[in-house]
Amino acid sequence: MAIRIAAAGGARHHPTLVDAAAPLPAGRHRVVDGVRRVAPLAVAVAAFGVTFGVLAQKAGIGSFAALVFSAATFAGSAQFAAASVLSAGGTTAAAILAAVLLNARYLPIGLSVAPALHGPWWQRLLRAQVVVDESWAVSHIGGGRYDRRLLLGAGATLYCAWVAGTAAGVAFGSLLGDPAKLGLDAAFPALFLALLAGQLRDRRAVVAALLGGAIALVLIPFVPPGIPIVAASAACLIGLGSRGAAS
Amino acid sequence: MSAAWIVVIVVSLATIAIKGAGPLLAGGRELPRAVAGVVSLLAPAVLAALIVTNALASGRHIVIDARAAGVAAAAIALALRAPILVVVVVAAAAAALLRAIGA
């Protein structure tokens, strides 16, 4: 169902996103362009950060530990997964496994941005940390190429939003009540849908999205959370032999 | 050390390693052309999977609930060319509304 929605939502020429993602040649973008592209998403990410701060406290993760978690891990879905396992009384190992599986997608994602990140090893390691789904998606300049400045601007903005949101959630969370009542859990997939709409630049991208969604859907009942997303990345193999034509 | 701290430290170190692996091993090098064709499709494939799992998965179960309705509302907002923040708010509001009326 959501797959058909994803396809329908993929209006080819979505003004906000496609214009924002208009393929300038690599190197013409500035860090501030990355900040600008991701600013509307940063608002949503800050709200998720607040939610995480609230849930972490309910899961018995202390205020300081929750802040360290957001600052060092910077990967929302994995942090939510770990917190929810702990809060359901799961073991330490189960919480770690759930989070690591959810983050496994950052292996192929990290490889995809590798050509854009150069410099000494510690700089590459540091810059790789600002990669999250949203900063990755907005820094895609087409044809599988990623712009370093867009990535850094977008990533740093989202990082600040995420950590500040977590701090606010930890401090004032008790005033908010149940995040599900506010519909925040539906905001997450909607955010990804909007990002996907900006990525559907040609037929191959639409096919990859449909296939990736289908793989994930089929696998949900059979494997632990996180694995369906990693498996779905195999859908990009339909691009084999197509030589990565510019978007 | 509490269980929570162990989770925070281990998950953080693992994530730093996972995110850093690609740029550490292959940083600054152009991908071979065959690989570039594949990588260009990684974003749509992974984003679609994130939509499906976030909207429909509840653990290992597929559930159609207020989240799916929220995403459907978001799709309509997108088709009407709403800005991204509006799309997200529409999804959250639709889900919240459905839950409030107990649907």
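Here is a list of conditions, (1) free of Cβ contacts under 8 Å to residues at least 60 places away in the same chain; (2) closer than 27 Å to A:Ala114 by Cβ; (3) not β-branched (Val, Ile, Thr), and A:Asp133 meets all of them except one; can you say which number that is?
All conditions pass for A:Asp133, except number (1).
Of all residues being at the interface with another protein chain (Cβ under 7 Å from one of its Cβ atoms) and either over 21 Å from A:Ala39 (Cβ atoms) or in contact with a strand residue (DSSP E or B) (Cβ under 9 Å, 6 or more places away or on another chain) (or both) in segment B:65-89, which is surrounded by the fewest Cβ atoms within 10 Å (Cβ to Cβ)? Just the residue, please.
My answer is B:Ala79.
Among the residues of segment A:81-96, how many are more than 9 Å from every other protein chain (Cβ to nearest Cβ) and under 20 Å from the mean Cα position of the chain (by Cα)?
Total meeting the criteria: 2.
Taking A:Ile61 as meeting all but one of (1) surrounded by 23 or more Cβ atoms within 10 Å (Cβ to Cβ); (2) within 9 Å of chain B (Cβ to nearest Cβ); (3) touching a Phe, Trp or Tyr at 6+ places or on another chain (Cβ under 6 Å), write down the number of the exception.
Only one criterion is unmet by A:Ile61, namely (3).
List every residue pair whose Cβ atoms lie under 8 Å apart, where the two residues are 6 or more positions apart in sequence or sit on different chains, the first residue falls within segment B:30-43 and is of a type in the set (D, E, K, R), and the second residue, located anywhere, is surrounded by fewer than 19 Cβ atoms within 10 Å (Cβ to Cβ).
As it stands, the answer is B:Arg33/A:Arg243, since those pairs meet every condition given.
For residues that are at the interface with chain A (Cβ under 7 Å from one of its Cβ atoms), out of contact with any Leu (no Cβ under 7 Å at 6 or more places or on another chain) and surrounded by fewer than 23 Cβ atoms within 10 Å (Cβ to Cβ), tally how many sit in segment B:16-53.
6
Restricting to segment A:97-109, name every residue that is within 7 Å of another protein chain (Cβ to nearest Cβ), surrounded by fewer than 24 Cβ atoms within 10 Å (Cβ to Cβ) and more than 30 Å from A:Gly142 (Cβ to Cβ).
Passing the criteria: only A:Val100.
Identify the single condition in (1) in a helix (DSSP H, G or I); (2) crowded, with 24+ Cβ neighbours inside 10 Å; (3) facing another protein chain (nearest Cβ under 9 Å); (4) aliphatic (A, V, I, L, M) that A:Ala154 does not satisfy, given that it satisfies every other one.
Looking at each condition in turn, A:Ala154 falls short on (3).
Within segment A:195-202, does at least one residue satisfy the condition of being of a type outside the set (Gly, Ala, Ser), part of a helix (DSSP H, G or I) and within 26 Å of A:Val113 (Cα to Cα)?
Within segment A:195-202 (the criterion being of a type outside the set (Gly, Ala, Ser), part of a helix (DSSP H, G or I) and within 26 Å of A:Val113 (Cα to Cα)), the answer is yes, since at least one residue qualifies.
Scan the helices (runs of 4 or more DSSP H) fully inside segment A:1-79 and keep the ones with 1 or more residues being at pLDDT below 90 and in contact with a helix residue (DSSP H, G or I) (Cβ under 8 Å, 6 or more places away or on another chain).
Result: A:2-9, A:15-20, A:31-58.
Of the residues A:Phe74, A:Phe48, which single one is surrounded by 18 or more Cβ atoms within 10 Å (Cβ to Cβ) and within 9 Å of chain B (Cβ to nearest Cβ)?
Among A:Phe74, A:Phe48, only A:Phe74 is surrounded by 18 or more Cβ atoms within 10 Å (Cβ to Cβ) and within 9 Å of chain B (Cβ to nearest Cβ).
Return a yes/no flag: does segment B:56-64 have any residue that is assigned to a helix (DSSP H, G or I) and either among the hydrophobic types (A, V, I, L, M, F, W, C) or surrounded by 19 or more Cβ atoms within 10 Å (Cβ to Cβ) (or both).
Yes, segment B:56-64 contains a residue that is assigned to a helix (DSSP H, G or I) and either among the hydrophobic types (A, V, I, L, M, F, W, C) or surrounded by 19 or more Cβ atoms within 10 Å (Cβ to Cβ) (or both).
State yes or no: is A:Leu158 more than 30 Å from B:Ala34 (Cβ to Cβ), at pLDDT below 90 and not aromatic (Phe, Trp, Tyr)?
Judged against the criteria, A:Leu158 is not a match.
Which count do you get for residues in segment A:110-126 that are within 7 Å of chain B (Cβ to nearest Cβ) and part of a helix (DSSP H, G or I)?
9
The values are calculated or read from the model by the stated rules, or taken from the named source; none is laboratory data. Keep in mind that this is a model prediction, so the values were computed, not measured. Neighbour counts are summed over all protein chains in view; Cβ atoms, including those assigned to glycine, are modelled from backbone coordinates with ideal geometry.
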